[in-house]
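Below is one structure, written out as structure tokens; comments come after it.
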């Protein structure tokens, strides 16, 4: 006849139970995940013992997890055929955890006069006690793996203590019976419990059966070697995980042991959902620890600019802490973030080298994210800069090249990488800011996305070369031919034009950059460009600021129009003044800064009338 042993929880255990039940968990359903995780650990330990040749009880019984529910009685039974527990294990693991430092922990809380801090509590493996969030009574029936051992039953109703008595005819492993509280009986409903299991424990490596039905049928293929996984398995897993019937553009499956233990499987969807009018998307990468979900759609696992990724990351370095749904070790998360982000950037670089056409397909969909990364992710800015792609003045239309490739083509005397913002290639090649580069045979990067201006400002330098807007370049023509105004005539004309235009321009001067265009606007602010000025105006930030500030007008002394204007101002000052105003508006049009064309159109019609009148 067995004797029932009655035990009292230590005062520290009673405090800890109160903390676990009332302070840590934001959702009671977490207890299911914790108990299944413990069961999976017990099965894993048994498998290790079997592989090492240790003699075990019932060796023919495979490690599995079985769950039974009774919604009428409000019962949940979670059983595993794992390693099981001895009498000593039950006392040590379920009756007292002072050995793990709980007493010191509670003392620290008292000294700091602070309430339960999940980050500190997470250092103590007390996930089992989460059962008391939902259960008024918990019974643990366990039989250890050792052949000579016997079975035991541990029973508790919470803070009042626990009882242990001997049990006969128990199979190897552990069976936990939860008698649910009235407000938690819904957890005994099969459909509800199945949803919880699939959410948190769907990839546990051991079979999980709920009321006789296998639940976790999808394999955690990220934990397998790449050589073992077939292409169709990857695609099926992506469809399951990403709810997307299209094949992904890219797949990155990698494992690493240092500096962190990481098993990861990441996918790039074929379509950028944000560009399809779906609004700002959220990260769809889930964080696991040993195939147990820690955080769904983990926000801090990757930087914001990588929110288009789908997949899973599994790290054994994560603490199996008491509050899995809120990551507690921010330092560890940052290390994971840096390691994963660096790996993915390196992967994209390798893919770009391996198959440029495939990478350009990716870039067409996701270039805005890469550019966002350049602007916001200082740690990986240089690596992201290598992923940018543009046309240049030496590439064919539609042919993209990298900034790295541009740098390799630079002459030894060139110290800066030049870029030009324009609506399209035709506009770039016709831009007055490009003329000096064309004349000198200097390659210029053509950029057609308004974001690129700010991307270049944030990147600032690349591979030791300063990134310089073409209109800010301090370059002059290497040689000039043909008729030109003298230096004195040019200075006199510039002075007269400034007097004519008044406050509409800050200064008029002779240009050293123009070949064919008669005039061009240049911003006196060394950081402001015409495209940036357009953006500021569009955003309504140009009032009394750089958006509306007068600019400098440069004139080309070799232009037939400027040469004739110089002569005309003495013969017909009124006509010369009208032409000067038209030149300024033409320069504004070229820079994309003319807001109201009505005055310009009226003036142009007057000039046409005078030209036609002379010909009549």
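The values are calculated or read from the model by the stated rules, or taken from the named source; none is laboratory data. Predicted, not measured: the structure shown is a model, and the values here were computed from it. We place every Cβ from the backbone using ideal geometry, glycine too, and count neighbours over all the protein chains shown.
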Take residue 469 and tell me if it is outside the structural domain of residue 338 (by TED's automatic domain parsing) and closer than 25 Å to residue 589 by Cα.
yes
Kindly establish whether residue 446 is part of a helix (DSSP H, G or I), at pLDDT 90 or above, touching a helix residue (DSSP H, G or I) at 6+ places or on another chain (Cβ under 8 Å) and under 30 Å from residue 586 (Cβ atoms).
no
Within the range 21-31, identify whether any single residue is assigned by TED's automatic domain parsing to the domain that holds residue 193 and either modelled with pLDDT of 90 or more or closer than 29 Å to residue 169 by Cβ (or both), and answer yes or no.
yes
Restricting the search to the range 542-573, which residues are surrounded by fewer than 13 Cβ atoms within 10 Å (Cβ to Cβ) and at pLDDT below 65?
543, 544, 545
Select, from 346, 386, the only residue that is assigned by TED's automatic domain parsing to the domain that holds residue 295 and at pLDDT 95 or above.
346
Across the range 275-312, the tally of residues that are in contact (Cβ under 8 Å) with a residue 60 or more places away in the chain and farther than 20 Å from residue 41 by Cβ stands at 10
Please enumerate the residues belonging to the range 206-230 that are closer than 21 Å to residue 78 by Cα and either in a loop (DSSP other than H, G, I, E, B) or without any contact (Cβ under 8 Å) to a residue 12 or more places away in the chain (or both).
206, 207, 211, 212, 213, 214, 215, 216, 217, 218
Can you name every residue in the range 168-205 that is over 17 Å from residue 77 (Cβ atoms), touching a helix residue (DSSP H, G or I) at 6+ places or on another chain (Cβ under 6 Å) and not in a helix (DSSP H, G or I)?
204
Filtering the range 246-288 down to residues that are over 19 Å from the mean Cα position of the chain (by Cα) and at pLDDT 85 or above yields 246, 247, 255, 256, 257, 261
Can you go through 427, 364 and tell me which one is surrounded by fewer than 18 Cβ atoms within 10 Å (Cβ to Cβ), under 19 Å from the mean Cα position of the chain (by Cα) and without any contact (Cβ under 8 Å) to a residue 40 or more places away in the chain?
364
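Per-residue answers, yes or no, for (1) touching a helix residue (DSSP H, G or I) at 6+ places or on another chain (Cβ under 7 Å); (2) assigned to a loop (DSSP other than H, G, I, E, B):
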{"site": "433", "(1), (2)": "yes, no"}
{"site": "453", "(1), (2)": "yes, no"}
{"site": "466", "(1), (2)": "no, no"}
{"site": "475", "(1), (2)": "yes, yes"}
{"site": "483", "(1), (2)": "yes, yes"}
{"site": "489", "(1), (2)": "yes, no"}
From 418, 390, 406, grab the single residue that is more than 26 Å from residue 270 (Cα to Cα) and not in a helix (DSSP H, G or I).
418
Which members of the range 548-600 meet the condition of being in contact (Cβ under 8 Å) with a residue 24 or more places away in the chain, farther than 29 Å from residue 614 by Cα and outside any helix (DSSP H, G or I)?
549, 550, 551, 552, 553, 554, 592, 593, 595
Quick one: which residue in 83, 67, 78 is in a loop (DSSP other than H, G, I, E, B), modelled with pLDDT of 90 or more and in the same structural domain as residue 205 (by TED's automatic domain parsing)?
83
For the subset of the range 136-155 comprising residues that are in contact (Cβ under 8 Å) with a residue 60 or more places away in the chain and part of a strand (DSSP E or B), which member is farthest from the chain's Cα centre (by Cα)?
152
Taking into account only those residues within the range 401-415 that are buried (at least 17 other Cβ atoms within 10 Å of the Cβ) and without any contact (Cβ under 8 Å) to a residue 60 or more places away in the chain, which is farthest from residue 467 (Cα to Cα)?
401
Select, from 511, 531, the only residue that is modelled with pLDDT of 90 or more, in the same structural domain as residue 561 (by TED's automatic domain parsing) and surrounded by 13 or more Cβ atoms within 10 Å (Cβ to Cβ).
511
Could you say which residue among 396, 371 is within 27 Å of residue 475 (Cβ to Cβ), surrounded by 19 or more Cβ atoms within 10 Å (Cβ to Cβ) and out of contact with any strand residue (DSSP E or B) (no Cβ under 8 Å at 6 or more places or on another chain)?
371
